[in-house]
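Nothing in this text is a laboratory measurement; each read-out follows from the coordinates by a stated rule. The shown structure was predicted, so the numbers you read here are calculated from the model rather than taken from an experiment. FYI the Cβ positions are ideal-geometry reconstructions off the backbone, even for glycines, and counts take in every protein chain you see.
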There are 2 protein chains.
Amino acid sequence: MSAINDMLAANERFAATYTMGDMPPQPRRKLTIVACMDARIDPAPALGLHPGDAHIIRNAGGRVVEALRSLAISQQLLGTEEVAIIHHTRCGMATFADDDIRGRLRDTLNADADHIAFLPFRDLEQSVRDDLEAYRQSPIVRQDIPVRGFVYEVETGRLREVN
Amino acid sequence: MSAINDMLAANERFAATYTMGDMPPQPRRKLTIVACMDARIDPAPALGLHPGDAHIIRNAGGRVVEALRSLAISQQLLGTEEVAIIHHTRCGMATFADDDIRGRLRDTLNADADHIAFLPFRDLEQSVRDDLEAYRQSPIVRQDIPVRGFVYEVETGRLREVN
C-alpha cells in the first residue's frame, strides 16, 4: 500500500458518515491562521477550530511572505478580520541554511536553486517578529485588524505570544 | 472576545491534556499534501491523518506553484516520497478573476496589485491538471515519486482522482 492509497481508504470511511452541514465559504470566526506544514501540528484541535471556522494557510515555516496572496484573498473575498501567525519549536526551518538545500538539490536533482530563497531561520522568536513585520510592510493586506504572532510549543501543545 | 482570544482559551484546554508522544520531524507516512486553505476542509479526519503522519501545505486554491519551496524542503530535508494535490468543489478561487481582486485592493487599500497573480481558476478538474503539470515542470521537486491529483467534494466528503 502506498501512503496515498491508505489516505483514499481512510477517506472512504470518513465520507461514509460525513455531512456538510451549514458551512458557507466565509469563515465563521473571520480568522486566518498562518502556520507551518509540520506533521506534528494539527491546528484544528490545538486551536479549538471546527470545520467552517477559519482559513488555515500552511507552508514550510509558516512564512508570511509566501502567504500574502492567500491572505489578500481571505480578507477581500471571504471577509476575514483577524490573523494569527504561528511558528513552532523544533522546526525543521532552523536546521539548515539556503546553501545546504541548494547543494542537496544540485547533488540529487541536478537543479540550480541558487535564485530561490527557502526562508530558513536561526532564531524562532525573531522569525515571528520578522513575519509580523513582513505583514506590516505588505500593501495588499489589511492593517486595521488584529494581527498577532505566536510560538507553538510542540513539547507542551501550548501557544505563547511573541511581541 | 476576539477570535484569537477564543483560540488562546481553547489552546489552554488542549494543552492541559496534550502529550507529544514519539513524533520525529520526518513525517511517518512520508507523504505531503497540498490543499486549499478553505475553512470547510479539515484534512486530518478527511484523509485519515494523525499527528506526525504528513506535511500539510495549504494556500488559497491549493496551488502548486506557490508550494514548490515547501515541497523541496519536505523532500530534501524531511524525506517525504509521495505528493497528493487536492483542490475542492465550491472553491472561492472559481468565483473571481485577477481583475476583480485587483480592483478591490485598489478601492479598499489603495494598493497596486496589478503585478500579482492571484491564481484563480474557472475549471476545477483543469486546475488540478494544471497543478500536476506545474509540479512536473519544476526542477526542484522529485519526479521519481508518486504525485497524484484529486478533487475533494465538500458536499460528500469524498476524494475523486483527476488524471
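With a simple spin-label model that places each label point 7 Å from the Cα along the Cα-to-Cβ direction, the separation between residue A:116 and residue B:124 comes to 3.0 nm. Across the identical copies, the 7 Å label point of residue B:103, projected outward along Cα→Cβ, sits 5.2 nm from its counterparts, in ascending order.
The alpha-carbon atoms of the protein assembly as shown define a convex hull whose volume equals 130 cubic angstrom per residue.
Could you check how many percent of all C-alpha pairs in segment A:1-93 are farther apart than 17 Å?
When all Cα pairs of segment A:1-93 are counted, 60 percent exceed 17 Å.
Structural size metrics of chain A, computed from C-alpha coordinates, are Rg and Dmax of 17.8, 50 Å. For segment A:1-31 and segment A:120-148, what is the separation of their Cα centres, given in Å? After rounding, the separation between the Cα centres reads 31 Å.
Per-residue mean of foreign Cβ neighbours for B:61-71 is 4 (Cβ atoms of other chains, 10 Å radius). For the peptide B:118-127, the mean number of other protein chain Cβ atoms found within 10 angstrom of a residue's Cβ is 1.
Averaged over peptide A:137-145, the number of partner chain Cβ atoms lying within 10 Å of each residue's Cβ comes to 3. Once the Kirkwood radius over Cα pairs is known for segment B:92-162, the Stokes-Einstein relation at 10 °C and 1.306 mPa s delivers a diffusion coefficient of 109 µm²/s. For the options B:73, B:145, B:116, a Gaussian network treatment of chain B with springs between C-alpha atoms closer than 10 Å singles out B:116 as fluctuating the most. Summary for residue B:115: label point 7 Å along Cα→Cβ; distances to the equivalent points in the other copies, ascending, 1.5 nm.
Shown is the FRET efficiency for residue B:100 and residue A:20, computed with R0 = 30 Å from the Cβ-Cβ distance and rounded to the nearest 0.05: 0.70.
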